[in-house]
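The values are calculated or read from the model by the stated rules, or taken from the named source; none is laboratory data. The model shown is predicted, which means the values in this text are computed figures rather than measured ones. Cβ sites come from the backbone with ideal geometry, for glycine too, and all protein chains shown count toward neighbours.
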Amino acid sequence: MLSKVFVLISAVLICAAPILAHHPFTAEYDWKKPVTVSGTVSKVDWSNPHAHIYLDAKGTDGKTQNWTFELGGSSALTRAGWAKDTVKTGDTVTVDAWLSRNSNTVGNAKSVTLSNGRELSGASSISDPKPDTKAKAATK
């Protein structure tokens, strides 16, 4: 009986570990610092718990900057209309994101606009935190 309880508790802890390890958005990103970056995709990492897109973009000084954008997990991206081959190395995209608290070339993607104009959600763990001023005006 004791071994069954031990196995059950162990299974629960193992399953809960990824949830406990997941970081809150505000620990890594600043929603008050939106950024828009256009560039060439240098790599796509379609993995869990988060996918990433890596971009080469020209900085204000004209030099190439290497950007990293965190997206949602693969299942959230699939629900948002993504497929593994939606974005490929060499594609030109524009990413709307929130800047990292620790790096000026890392962000959490709000949306990705493809070269054909199609915009896809970044399946971020945070929705657009801007207040809905129309809704507030309607309630006054």
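Looking only at the range 66-79, decide whether some residue is free of Cβ contacts under 8 Å to residues at least 40 places away in the same chain and of a type in the set (K, R). No, there is no match, as no residue in the range 66-79 is free of Cβ contacts under 8 Å to residues at least 40 places away in the same chain and of a type in the set (K, R). Of the candidates H50, H22, the single residue that is modelled with pLDDT under 95, crowded, with 18+ Cβ neighbours inside 10 Å and under 21 Å from S121 (Cα atoms) is H50. Exactly one residue among K110, K58, K88, K63 is among the basic types (K, R) and crowded, with 21+ Cβ neighbours inside 10 Å, and that residue is K110. Within the range 65-117, being among the hydrophobic types (A, V, I, L, M, F, W, C) and in a strand (DSSP E or B) holds for W67, F69, V93, V95, A97, W98, L99, V106, A109, V112. Going by what's in this entry, would V44 be described as at pLDDT 95 or above and at negative phi? Judged against the criteria, V44 is a match.
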